[in-house]
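What follows is a short report on a single structure.
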Amino acid sequence: MHTCPRCDSDKTNILCESPVKGCWIMYICQECTFTWRSTEPETITNPKMYNPRFKVDTSDLSKYQMHPAIAPKRS
């Protein structure tokens, strides 16, 4: 299990793996929905090196719209 670089949660899962076995793994955080590949630089994958300006406090997540609203169907 990995720690999310953006919110420091330990609730992360493997989202998918590269079609070529062993090239990369993509992870997703169940708390903040951040995704990253294992091949990205440490400034993205390492929570201690992740840019603090982009860190997210999980207690604030309810204040944010996680997904854009779907527009009403036109008649």
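Things to note:
- Lone qualifier among S18, S75 - being modelled with pLDDT of 95 or more and among the small types (G, A, S): S18
- Among (1) loosely packed, with under 11 Cβ neighbours inside 10 Å; (2) out of contact with any Ser or Thr (no Cβ under 9 Å at 6 or more places or on another chain); (3) at pLDDT below 95; (4) not basic (K, R) - the single one T33 does not satisfy: (1)
- Apart from one condition, A69 fits all of (1) part of a loop (DSSP other than H, G, I, E, B); (2) under 15 Å from the mean Cα position of the chain (by Cα); (3) of a type in the set (A, V, I, L, M, F, W, C); the exception is (2).
Yes/no per residue for (1) of a type outside the set (D, E, K, R); (2) on the phi < 0 side of the Ramachandran plot; (3) in a loop (DSSP other than H, G, I, E, B); (4) exposed (fewer than 10 other Cβ atoms within 10 Å of the Cβ):
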residue	(1), (2), (3), (4)
L15	yes, yes, no, no
G22	yes, no, yes, yes
T43	yes, yes, no, no
V56	yes, yes, yes, no
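- Residue within the stretch 58-68 that is in contact with a strand residue (DSSP E or B) (Cβ under 6 Å, 6 or more places away or on another chain) and among the β-branched types (V, I, T) present: no
The values are calculated or read from the model by the stated rules, or taken from the named source; none is laboratory data. These numbers were taken from a predicted model, which means no experiment stands behind them. Neighbour counts are summed over all protein chains in view; Cβ atoms, including those assigned to glycine, are modelled from backbone coordinates with ideal geometry.
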